[in-house]
Amino acid sequence: MRSILVLGLIVAAFAVYTSAQPYQLQYEEDGPEYALELPIEEEELPSQVVEQHYRAKRATCDLLSPFGVGHAACAVHCIAMGRRGGWCDDRAVCNCRR
């Protein structure tokens, strides 16, 4: 058991050591064909695509209904969104008041 633990610690230490190594840049002294140009301006940086996240409207009522707090959790959720409260309908979907 001790040898497995020592082996695991060695593997973990090696993984941390290799992931912490800096990226080796090639400088212009090596020649212009090996030089790596890094974008400096924000406009030159590649834009990140933000995906729409899926959020089920029934999570509040559906997951908390076995504990008997589905309606209260839905009301708190709606109040946190700036509404006047809410309730869970028959399909376990949280409906907020206007």
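For region 63-96, filtering for residues that are exposed (fewer than 13 other Cβ atoms within 10 Å of the Cβ) and of a type in the set (K, R) leaves 2. In the set E33, E51, only one residue is outside any helix (DSSP H, G or I), out of contact with any helix residue (DSSP H, G or I) (no Cβ under 7 Å at 6 or more places or on another chain), acidic (D, E) and at pLDDT 65 or above; that residue is E51.
The values are calculated or read from the model by the stated rules, or taken from the named source; none is laboratory data. Bear in mind that the values here come from a model prediction, so they are computed numbers and not experimental data. Every residue, glycine among them, receives a Cβ derived from its backbone with ideal geometry; neighbour counts consider all protein chains shown.
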